[in-house]
Amino acid sequence: MAALKVLVGVKRVIDFAVKVRVAPGGAAVQTQGVKHALNPFCEIALEEAVRLRERGAAAQVLAVSVGTSVCQETLRAALALGADRAVLVQLQEGEGPPGPREVAAALAGVVAREKPQLVILGKQAIDDDCNQTGQLLAAMLDWPQATFASRVELEAGAVRVQREVDGGLETLRLRLPALVTADLRLNEPRYATLPNIMKAKKKPLEVVEWAALGLPPPLPRLRVLGLQEPPARGGGERVDDVAALVDKLRQCGRI
Ligand code: AMP
């Protein structure tokens, strides 16, 4: 079991604390000059993989990102958080962004080269909320999958996963190789320390061109026709007492 390799998919997204704005033209969000970060669910997936290695249940953690060269920054962040190696499946500027099917195909290509026994992805990316990559990848690999994991334990030749489902908890045992997607309560990710950020600069980061994986060009299958910001919120109003509040709520039909 100690030779087990874990592959973690990490996505670069706009930082969760940034207020997302629609870009001029209305068919994309503003990304220029905006702070980006590792997708929070990918941080949880990575933390789990690093903990498995720290417990001696896994030997190596490989972080993989699919995107343009700016994703190298995301991979350096993953290396600072404990990944041993990183691979960028690189798209050229102007290509993409790849949809979940293209990302899953690229990750499947890296799985074929790297032969990990366990893949952990986030349950969703907070930018497009598409929430499909793990399921698509498991189907492409024909591997068992456990989505929305809140606990992961490795056993001989298998992984035991607890999932939060409506009305309780479900425990699954999957034969390896297997795919797991991480839910919010799986763990609390660590922060990168300065020494680890420095060490990450020396860890191996391999760039693999999209075409080198033998994949067809990542042509988008859907086009975003328009985006709209939610209507601006009206200002608040102070009232003197509870009776006035109840009166106001009645007037505007809220009670
Ligand atoms: P999504 O299906 O886009 O909501 O994303 C779910 C998970 O798939 C993310 O948390 C990542 O683990 C993985 N993923 C999605 N897009 C990428 C990408 N471009 N590169 C690497 N992993 C990705």
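The values are calculated or read from the model by the stated rules, or taken from the named source; none is laboratory data. Because the structure is a prediction, the values reported are computed rather than measured. As a convention, Cβ positions derive from the backbone with ideal geometry for all residues, glycine included, and neighbour counts pool all protein chains shown.
Observations on the structure shown:
- Restricted to the range 152-168, and to residues there that are assigned to a strand (DSSP E or B) and of a type in the set (D, E, K, R), the residue that is surrounded by the fewest Cβ atoms within 10 Å (Cβ to Cβ) is Glu155.
- Selection within the range 21-47 - more than 16 Å from the ligand (Cβ to nearest atom) and part of a loop (DSSP other than H, G, I, E, B): Arg21, Ala23, Pro24, Gly25, Gly26, Ala27, Ala28, Gln30, Gln32, Gly33, Val34, Lys35
- Considering the conditions (1) in contact (Cβ under 8 Å) with a residue 24 or more places away in the chain; (2) under 12 Å from Lys11 (Cβ atoms), Arg101 is excluded by exactly one of them, (2).
Yes or no, residue by residue, for (1) under 30 Å from Arg21 (Cβ atoms); (2) touching a residue at least 40 places away in the same chain (Cβ under 8 Å); (3) in contact with a strand residue (DSSP E or B) (Cβ under 7 Å, 6 or more places away or on another chain); (4) hydroxyl-bearing (Ser, Thr, Tyr):
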| position | (1), (2), (3), (4) |
| --- | --- |
| Ala146 | no, no, yes, no |
| Asp166 | no, no, no, no |
| Thr171 | no, no, yes, yes |
| Leu186 | no, yes, yes, no |
| Ala211 | no, no, no, no |
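- Picking from residues in the range 91-101 that are in contact with a helix residue (DSSP H, G or I) (Cβ under 8 Å, 6 or more places away or on another chain) and farther than 18 Å from Glu206 by Cα, the one that is farthest from the ligand (Cβ to nearest atom) is Glu95.
- All of (1) hydroxyl-bearing (Ser, Thr, Tyr); (2) in a strand (DSSP E or B); (3) under 30 Å from Glu73 (Cβ atoms) hold for Thr171 with one exception: (3).
- Flag if Phe16 is surrounded by fewer than 22 Cβ atoms within 10 Å (Cβ to Cβ), among the aromatic types (Phe, Trp, Tyr) and either in contact with an Asp or Glu (Cβ under 7 Å, 6 or more places away or on another chain) or touching a residue at least 12 places away in the same chain (Cβ under 8 Å) (or both): yes
Residue by residue, here is whether (1) modelled with pLDDT of 95 or more; (2) in a helix (DSSP H, G or I); (3) more than 30 Å from Glu95 (Cβ to Cβ) holds:
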site: Lys203; (1), (2), (3): yes, no, no
site: Val208; (1), (2), (3): yes, no, no
site: Pro217; (1), (2), (3): no, no, no
site: Leu225; (1), (2), (3): no, no, no
site: Arg233; (1), (2), (3): no, no, yes
site: Ile255; (1), (2), (3): no, no, yes
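- Yes/no for Gly109 being on the phi > 0 side of the Ramachandran plot and small (Gly, Ala, Ser): no
- Selection status of Ala58, within 13 Å of the ligand (Cβ to nearest atom), surrounded by 14 or more Cβ atoms within 10 Å (Cβ to Cβ) and of a type in the set (Gly, Ala, Ser): no
- The range 102-146 - residue that is aliphatic (A, V, I, L, M) and closer than 18 Å to Glu206 by Cβ and, of those, nearest to the ligand (Cβ to nearest atom): Val103
- If you go through the range 1-20 and keep only what is part of a strand (DSSP E or B), closer than 23 Å to Ala149 by Cα and within 16 Å of the ligand (Cβ to nearest atom), you end up with Val6, Leu7, Val8, Gly9, Arg12, Val13.
- Note on the range 61-70: among residues that are surrounded by fewer than 24 Cβ atoms within 10 Å (Cβ to Cβ) and not polar (S, T, N, Q), the one that is nearest to Ala3 (Cα to Cα) is Leu62.
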